[in-house]
1. Send over the semi-axes of the chain's equivalent ellipsoid, whole angstrom and largest first, taken as the square roots of 5 times the C-alpha gyration tensor eigenvalues.
2. Taking the Cα-to-Cβ direction at Glu54 and at Tyr23 and moving 7 Å from each Cα, how far apart do the two end points lie in nm?
3. Quick one: accessible area per residue over the chain, 1.4 Å probe, rounded to a whole number of Å²?
4. With labels modelled as points extended 7 Å from the Cα through the Cβ direction, what inter-label distance (nm, one decimal) is found for Asp47 paired with Glu30?
5. Given a Förster distance of 25 Å, report the FRET efficiency between Ser63 and Thr40 from their Cβ-Cβ distance, rounded to the nearest 0.05.
6. Out of the total accessible area of the chain (probe 1.4 Å, heavy atoms of protein only), what percent is carbon and sulfur?
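The values are calculated or read from the model by the stated rules, or taken from the named source; none is laboratory data. This structure is a prediction, so every number in the text was calculated from the model and none was measured. Here Cβ is always computed from backbone atoms with ideal geometry, including for glycine, and neighbour counts include all displayed protein chains. Note: areas computed on protein heavy atoms with side chains; ligands, DNA, RNA excluded. Shrake-Rupley method; radii C 1.70, N 1.55, O 1.52, S 1.80 Å.
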Amino acid sequence: MNPDKIVCNCMNVTNGAIRDAVYSGAGTLEEVQEITGAGTVCGACLDDVKRLVEQFTAEKSQS
Ligand code: FES
């Protein structure tokens with residue numbers, strides 16, 4: 001995974017920023033949206049953001 005890849009173009013949010021939000025305690029899509037702003041403008045990235053939140057949440061629980 002490239003942490004610098006932009007997931008949300010509207011808010012310039014990267015993979016890494018979503019990962020950081022999850023690792024710093026955000027457990028749901030809504031919380032990640034609040035912290036990063038991802039998915040709060042046009043909504044086109046929401047599926048990707050949601051998938052990443054699920055992926056990082058799973059990763060975090062294994063570490
Ligand atoms: S691309 Fe994420 S809200 Fe538009």
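1. Its equivalent ellipsoid spans semi-axes of 17, 12, 10 Å.
2. Going from the Glu54 label point to the Tyr23 one covers 2.2 nm.
3. About 61 Å² of surface per residue is accessible.
4. It works out to 2.4 nm between the two label points.
5. Values: r = 28 Å, r/R0 = 1.12.
That gives a FRET efficiency of 0.35.
6. 48
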